[in-house]
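Novice: Supplied in structure tokens, the structure appears directly below.
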Amino acid sequence: MIFPPPDLDDSARGAYLRGAHLLVEGKGFSDPSYPVGAPPLYAIFISICLSLFGDDQLSVKIFQAFVDSTMIIVVYYIIREIFDTRTGFLSAAILTIYPFSTYLTISIASEPLFTFFLSLFVLLTVYAVKFQKWQYYSAAGILLGLATLTRGTTQFFPLMFIIMLVPFTKLGKEFLLAYMAFCLSFALVILPWTLRNYVVLEDFIPVATSGGITFLQGSSEKFFTVEGKNREWPAYFEALRAKGIEAPPKGSKPSQTDKFNTRATIENYRSRLENDPLSFVPFLGKKFFRLWYATESGDKYKDGIILVVNLFIYPFALAGLVLAWVEKRPFAWLPFCALLYFVVLHWISLPLFRYMIPVMPYVIGFAAFTFTTIFKRFEFPDTSTDKTFERSARYSVAVKD
């Protein structure tokens, strides 16, 4: 293993394991103390593993390994539909040995389950635009809803879904019906959790309340790492207090804390714009590049390993995008939109490579397309039939003589 076994982070302890133990103990979602910093589905997944096999994280990791393996099969079908069988096999093979998704599989982390649901969503979207059946659109909405209840990242994806459909469906009644079927299915999946939060907490929380703090952490270079935010946030919050921007008192509703974090983010950007507007260009550039290698720990060794390994993928993935455009592979638009959504969302929030793991299968898929295209160009034509014909012709001539 490239890195040592991962430690439990705050989200694993506070949101996932704590929530799972509340469910196992029978308190359930009716308990107001149930954490809402993250959506509930991963905690439910953990609680099922703990209920079946006892209070041991090993069972969770074993099931995650099964989920990750199934995800690789799903990705094979996605890439096969978009390109060809050979590219699908190569993508699956690379994913099988790709170290960073494996690293999260042996962690208490929601990424394996989230990536699985996201890959099923992409596959069903491919089938939806290919066969133009509302059943596939509804199924895609359900899978995106399940993904959103695992990680809140995709809660805004229905807006991107319109862009995904435009090249395949004419604007009109059929387009609206397909989109409505998708959105209705998506909404019905997340609605019970939204209603639970409103009834139990008397607070409107559609999915989770971690968005504000993530945006705040990505609003300054000083906050990017755990050490940086722990060191710099007390002084920054004191500066906000001096401006009359007070954090909500203890015991406030979770949404109030989230709104404060969002306001603190806006204030940080406003201050930069007023005091040093030219710094936005290098700041945004730094955020973009950090997406592809950076960890929250800021460990240069880990960051370097991630970058070095992925340098064998990124250039070929970029070439694969160009090739898909040149060769007019229309379905390549669908995983590209998923990739674009994650890039933009985490570029403007907190740029961490971990957040890009769920769409790395499609980056690898585009890279695999480059490899298979190169292989085809250098393959020698099969002349076995011609040689057989030549041998037969020579034999006939010899018999006549």
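Novice: State the extension gain, in nm to one decimal, for the chain segment bounded by Glu327 and Ser30, taking 0.36 nm per residue of separation less the distance between their alpha-carbons.
Specialist: Separation in residues times 0.36 nm, less the Cα-Cα distance, equals 101.5 nm.
Novice: Provide Met71, Met160, Met180 in ascending order of the number of other Cβ atoms located within 10 Å of each residue's Cβ, fewest first.
Specialist: Neighbour counts put them in this order, fewest first: Met180, Met160, Met71.
Novice: According to the square roots a ≥ b ≥ c of the eigenvalues of the Cα gyration tensor, what is the shape class of region 1-140, taking rounded for a/c under 1.5, prolate for a/b larger than b/c otherwise, and oblate for the remainder?
Specialist: oblate
Novice: Can you sort Leu311, Leu171 from fewest to most other Cβ atoms within 10 Å of each residue's own Cβ?
Specialist: Fewest-to-most Cβ neighbours within 10 Å comes out as Leu171, Leu311.
Novice: Would you mind checking the pairs Lys61/Lys253; Lys170/Lys259; Lys61/Lys300; Lys170/Lys376 and listing those with alpha carbons more than 31 angstrom apart?
Specialist: Lys61/Lys253; Lys170/Lys259; Lys170/Lys376
Novice: Over the chain, calculate the relative contact order: mean separation of alpha carbon pairs under 8 Å at least 6 apart, over the residue count, as a percent.
Specialist: Relative contact order here is 17 percent.
Novice: Quick one: which residues, 5+ away or cross-chain, put their amide H under 5 Å from the amide H of Ile106? H built at 1.01 Å from N.
Specialist: Counting only residues 5 or more places away or on other chains, the set is empty.
Novice: Here's another thing I want to ask about it. Between exposed trypsin sites (Lys or Arg not before Pro) in the chain, where DSSP calls loop and at most 16 other Cβ atoms lie within 10 Å, what's the longest gap?
Specialist: 28-132
Novice: Please arrange Trp292, Trp134, Trp325 by counting, for each residue, the other beta carbons lying within 10 Å of its beta carbon, fewest first.
Specialist: The most exposed by this proxy come first: Trp325, Trp134, Trp292.
Novice: Ordered by residue, what ³J(HN,Hα) values in Hz, to whole numbers, does region 84-97 give under the Karplus form 6.51 cos²θ - 1.76 cosθ + 1.60, where θ = phi - 60° and Gly and Pro are x?
Specialist: After applying 6.51 cos²θ - 1.76 cosθ + 1.60, I find 6, 5, 4, 5, x, 4, 5, 4, 5, 5, 5, 4, 4, 9 Hz.
None of the figures in this text is laboratory data; all of them are computed from the coordinates on show. The shown structure was predicted, so the numbers you read here are calculated from the model rather than taken from an experiment. All Cβ positions, even for glycine, are placed from backbone atoms using ideal geometry, and neighbour counts span all protein chains on display.
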